[in-house]
Amino acid sequence: MNFSLLNVSIGYISKHGLQSFLLVLGIALGVALVVSVDLANQSANRSLALSTETLTGGFSHRITADGSGIEERLYRELTLVPGVRAISPHVEGYVKAPPLDGRTFRILGIDPLAGAGPGRGERSYMEYVPEGALDELLTEPGGVLVSGDISSKYELDVGTTLELEYGADTIAVRVIGIIDTGEESVPESLGGVFIADISTAQELLGKIGLLTYIDIAVDEDTPEGKAALSRIREILPAGARVERPGNLAESTRSMTRAFELNLLALSLLALFVGVFLIYNTVTFSVLQRREMYGTLRALGVTRRQVFGMVLSEALVIGLIGALAGLALGVLLGRGIVGLVTRTINDLYFTLTVTDFTVSYYTLLKGLLLGVAASVFAALIPAAEASGVKPAGAFRRSLLESSLLKSIPVLSLIGIALLLLGVFAIYLPGSGLGLSLVSLFLILLGSSFLVPLATNRLTRLYSVLLRRAGAVYRMAPGNIIRSISRTGVAIASLTIAVSVIVSVDIMIGSFRTTVADWLDYTLNADIFISMPSGSISGDAGIDPGIIDRLKGVPGVDRAATVRRVILNTPRYGRLNLVAVTEDVGIKNRKFLWSESGGADLWKKMQSGSVLVSESFANRNGIKHVPGAVVELPTDSGSMEFKISGVYYDYGAQGGIVLMSDELYREYWKDRLITSVAAFVSPGSDVGRVMEEMRNSISGRYNLTLRSNRGLKESAIDTFDRTFTITTALRILVVIVAFIGVLSSLMSLQLERAREFGVLRALGVTVSQLRRMTFLENGIIGLTAGMLSIPIGVVLSLILIYVVNLRSFGWTLEFSAEPRYFIEALVIALVAAVCAGIYPAFRIGKLNTASLMREE
């Protein structure tokens, strides 16, 4: 583009600063959502990776065991195996730290003398322990090391004592040293960890004589390494196994991929709406300058130069918007990383994230997405601008009539995209990614049908307004006569509101389903459990509490639940839940079961298990007799017959449910996780709960909740899980609102001459403003009405396809009327509010000047 055309572009942009600002803002918000979600997901994954990589060093394999853990004697035997180049035992458990904002931390017990694995590529973090602290680490009861980041954030000094919650117990630790390496990766990975000597960790966590895992360094590419691994497998006790550390991390990370993909899809949707905004604004700038383009063509400017001029403008504005979006995305990412982490903790596993990591790859991706979206959206307007002929530049009606004639073609394209989206859903082997692609195809196809639907609805509005004044009867016709401008505005608002409708229905259906599930699952009167956030994979309550609770007046009987996390080679991480009869199968809803009632419970006592729907779907377990599940027990790997598949929404990873008797037979574990107490008929639940608190106070750190209280707590957790989704969809609406505002502003600016003529004919400013608001209302009502069927279709796909493939849960479809009312209200309010400024400008028009131009 030459300098003369550059000056023309700069002059136009400077005269329409607000319009350009809205365009930049729309691009920035779209890019910011993509970048912030990506950065938050990366921070969570980086925390998981660093916890594994930095703390395991260069060790090649890890020995683990489910249940109570690994006996110490195995460690001594492994030190004598030839070919093992390094070995390091560990004990770990998760604790809640009320003095530190109630955060969850990991207590990691290590052998300070074992050192790091060979080939680590960096020094052991133990080399950074302050002088003298190593002796205290080995000798000081409850002594722990903390990272410099945690020390600075919470003002922890050497000698500070902290009371932590572990299961039902309160434990005290004392800071004896601060690890401050000056290297970025080491303190970041230790940000959620208290490091203790292995014997100290065993005492704190109640694991005397036991280890959680053992890291070893073996070169399996050499004969000595292969022989060492073979020997290790021979001496491993039943229930223990050797695996690569990365396998467990990968299994853990894979559980969150569906969640992260859904978040990314929602952020891309904002960019999708932003593309509409860009197309909208660039199209309007082209339409506003048709006369100028005609003049330029008459002066000898070529079509290629005009095309390049429009694309260059979009490129520059897109670049500015994308850069602003990167900065905003980093700020948003810092805010939502906590929401992402909290959701992962609620649904999957305990994860501590202390640092927010900014990836240059993500920033580059966001920049390219913003610029590419801007240029892509500007292609059609640029082609339109380059095609302006000098003779037809002032004949706006030709363009609108040609667009009206193209509505059937646009509709056919929309139908084709809809069919392609539906086809993508039912493709054999189609996964979650393809399902999300199908959603975007359906959204895009729906947007192509908006002009046709708008054309039909405006005819209906004309009939309804036939008895109104002449000025108001013009409103529907004005919309269809300006379809090149109003069509895209209605489409962008329709898409944004339809997304809100679909997400509302999906979340509402999920919430209703969970509430119903809680009603038939929580059948006891009082529930006693460990404090939320302090539950480790194997933390538990001394079963002696049962006798104390049964001795409380008004308690009829008590049932127990034992929940542990198993890391299995075949299924990855899963929840194993052992229950007694009163909470075993009563009131559960089944997709399939061999029998029911007492017969099913007898089968479970005899050796069969139940599995949750999500576990069955994740692992391809068919709902037929003869299916089995293989679990690592303390007695070795065992197969258990599956007697039923039941609905459950408590753990996305899936649950294997067995009788308490069967669990105690195969696992050397006497602890329990929670207790369900049933109150005698006629007894006051509140009074019984108070008696229970008095009975266990001073000895157990437990949470007591009534049936109602626990349901409310579960619903609170559910609502907290979807907080980030709510925040993101609000930002999607903001992007759409900006698009509508830009559209209406451009529409009113271009109609200035028309308004001048109407004013000359005697139409008052007040009438023009009411006509403008009526047009805006029609635009909003049209978008709201169109968004409802599109939103319902999208919600059906989200519930029965995307949600099922993401989480493995079958939900009951529930669409409340308020969702549709909200859609209409949001669309109407957005359109009317966006028209306030353009309507205000009508009073500023100079009628005489406009008439001279006309």
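The values are calculated or read from the model by the stated rules, or taken from the named source; none is laboratory data. What you see is a predicted model, and the numbers here were worked out from it, not measured in a lab. Counting neighbours? That spans all protein chains shown, and the Cβs are built from the backbone with ideal geometry, glycine included. These accessible areas exclude ligands, DNA and RNA; they are computed on the full protein's heavy atoms, side chains included. Shrake-Rupley method; radii C 1.70, N 1.55, O 1.52, S 1.80 Å.
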Margin query: Could you check the range 691-711 and list, in sequence order, the residues that are more than 24 Å from residue 518 (Cβ to Cβ) and free of Cβ contacts under 8 Å to residues at least 40 places away in the same chain?
Written below: 694, 697, 698, 699
Checklist line | From the options 583, 579, residue that is of a type in the set (Val, Ile, Thr) and out of contact with any Leu (no Cβ under 8 Å at 6 or more places or on another chain) | finding: 583
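Given 475, 470, which one is free of Cβ contacts under 8 Å to residues at least 40 places away in the same chain and more than 18 Å from residue 407 (Cα to Cα)?
Values: 475 fails: free of Cβ contacts under 8 Å to residues at least 40 places away in the same chain.
Selected residue: 470, the only one of 475, 470 that is free of Cβ contacts under 8 Å to residues at least 40 places away in the same chain and more than 18 Å from residue 407 (Cα to Cα).
Could you tell me which residue of the range 223-243 is most open to solvent (accessible area, probe 1.4 Å), considering only residues that are of a type in the set (Gly, Ala, Ser) and in a loop (DSSP other than H, G, I, E, B)?
First, pick out the residues of the range 223-243 that are of a type in the set (Gly, Ala, Ser): 225, 227-228, 230, 238-240.
Then keep just the ones that are in a loop (DSSP other than H, G, I, E, B); that gives 238-239.
Numbers: 238: 52, 239: 11 Å².
For the range 223-243, the residue satisfying everything is 238.
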Checklist line | Top-ranked residue in the range 819-854 [being assigned to a loop (DSSP other than H, G, I, E, B) and surrounded by fewer than 16 Cβ atoms within 10 Å (Cβ to Cβ); ranked as modelled with the lowest pLDDT] | finding: 854
Margin query: With the requirement that a residue be hydrophobic (A, V, I, L, M, F, W, C), open to solvent by 10 Å² or more (accessible area, probe 1.4 Å) and in contact (Cβ under 8 Å) with a residue 24 or more places away in the chain, what does the range 206-217 give you?
Written below: 210
Next item on the list: Kindly check whether there is at least one residue in the range 791-813 that is more than 30 Å from residue 755 (Cβ to Cβ), of a type in the set (Val, Ile, Thr) and free of Cβ contacts under 8 Å to residues at least 40 places away in the same chain.
Entry: no
Next item on the list: Kindly indicate the residue of the range 476-523 that is among the charged types (D, E, K, R) and more than 30 Å from residue 711 (Cβ to Cβ) and also least open to solvent (accessible area, probe 1.4 Å) among those meeting that condition.
Entry: 485
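Counting only residues that are under 20 Å from residue 580 (Cβ atoms) and hydroxyl-bearing (Ser, Thr, Tyr), which one in the range 667-702 is surrounded by the fewest Cβ atoms within 10 Å (Cβ to Cβ)? Outline the logic, then answer.
At the first step, the residues of the range 667-702 found to be under 20 Å from residue 580 (Cβ atoms) are 667-680, 688, 692, 696, 700, 702.
So of that shortlist, the ones also hydroxyl-bearing (Ser, Thr, Tyr) come out as 673-674, 680, 700.
Values: 673: 20, 674: 21, 680: 12, 700: 19.
Residue satisfying both the conditions and the ranking: 680.
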Note to self: Show the residue pairs meeting these rules: Cβ distance below 9 Å; 6+ apart or different chains; first residue within the range 755-783 and within 13 Å of residue 489 (Cα to Cα); second residue among the aromatic types (Phe, Trp, Tyr).
What the structure shows: 778/461; 781/461; 782/461
Checklist line | Scan of the range 802-818 for residues that are assigned to a helix (DSSP H, G or I) and over 18 Å from residue 439 (Cβ atoms), ordered by number | finding: 817, 818
Next item on the list: May I ask you to verify whether residue 424 is touching a residue at least 60 places away in the same chain (Cβ under 8 Å), surrounded by 17 or more Cβ atoms within 10 Å (Cβ to Cβ) and among the small types (Gly, Ala, Ser)?
Entry: no
Check: Can you tell me which residue in the range 307-337 is nearest to residue 29 (Cα to Cα), limited to those that are open to solvent by 30 Å² or more (accessible area, probe 1.4 Å) and of a type in the set (Gly, Ala, Ser)?
Finding: 324
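Yes/no matrix, rows are residues, columns are (1) open to solvent by 30 Å² or more (accessible area, probe 1.4 Å); (2) modelled with pLDDT under 75; (3) more than 26 Å from the chain's Cα centre (by Cα):
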{"residue": "341", "(1), (2), (3)": "no, yes, no"}
{"residue": "358", "(1), (2), (3)": "yes, yes, no"}
{"residue": "376", "(1), (2), (3)": "yes, no, yes"}
{"residue": "390", "(1), (2), (3)": "yes, yes, yes"}
{"residue": "419", "(1), (2), (3)": "yes, no, yes"}
{"residue": "429", "(1), (2), (3)": "yes, yes, no"}
{"residue": "442", "(1), (2), (3)": "no, no, no"}
{"residue": "452", "(1), (2), (3)": "yes, no, yes"}
Item checked: Inter-residue pairs, beta-carbon under 8 Å, first aromatic (Phe, Trp, Tyr) and in the range 562-575, second open to solvent by less than 10 Å² (accessible area, probe 1.4 Å) and in a loop (DSSP other than H, G, I, E, B), 6+ apart -> 571/654
Margin query: Give me the residue from the range 142-170 that is in contact with a strand residue (DSSP E or B) (Cβ under 8 Å, 6 or more places away or on another chain) and open to solvent by 20 Å² or more (accessible area, probe 1.4 Å) and, out of that set, farthest from residue 198 (Cα to Cα).
Written below: 157
Check: Would you call residue 799 part of a helix (DSSP H, G or I) and at pLDDT 85 or above?
Finding: no
Check: Within the group 773, 807, which residue is among the aromatic types (Phe, Trp, Tyr) and either modelled with pLDDT of 80 or more or open to solvent by 50 Å² or more (accessible area, probe 1.4 Å) (or both)?
Finding: 773
Next item on the list: Within the range 651-666, identify whether any single residue is open to solvent by 20 Å² or more (accessible area, probe 1.4 Å), among the hydrophobic types (A, V, I, L, M, F, W, C) and assigned to a loop (DSSP other than H, G, I, E, B), and answer yes or no.
Entry: no
Item checked: Failed criterion for residue 220 (all others in (1) modelled with pLDDT of 85 or more; (2) open to solvent by 40 Å² or more (accessible area, probe 1.4 Å) hold) -> (1)
Next item on the list: Exactly one condition in (1) open to solvent by 20 Å² or more (accessible area, probe 1.4 Å); (2) in contact (Cβ under 8 Å) with a residue 12 or more places away in the chain; (3) farther than 17 Å from residue 655 by Cα is not met by residue 606; state its number.
Entry: (2)
Checklist line | Residue among 472, 461 that alone is in a helix (DSSP H, G or I) and surrounded by fewer than 16 Cβ atoms within 10 Å (Cβ to Cβ) | finding: 472
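In the range 576-603, which residues are open to solvent by less than 50 Å² (accessible area, probe 1.4 Å) and modelled with pLDDT of 85 or more? Break it down stepwise before answering.
Let us first name the residues in the range 576-603 that are open to solvent by less than 50 Å² (accessible area, probe 1.4 Å), namely 576-580, 582-585, 588, 592-593, 595-597, 600-601.
Listed by number, the residues that qualify are 576, 577, 578, 579, 580, 592, 593, 600, 601.
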Notebook entry, point to check: Does the range 114-122 include one or more residues that are touching a helix residue (DSSP H, G or I) at 6+ places or on another chain (Cβ under 8 Å) and either within 24 Å of residue 669 (Cα to Cα) or at pLDDT 70 or above (or both)?
Noted result: no
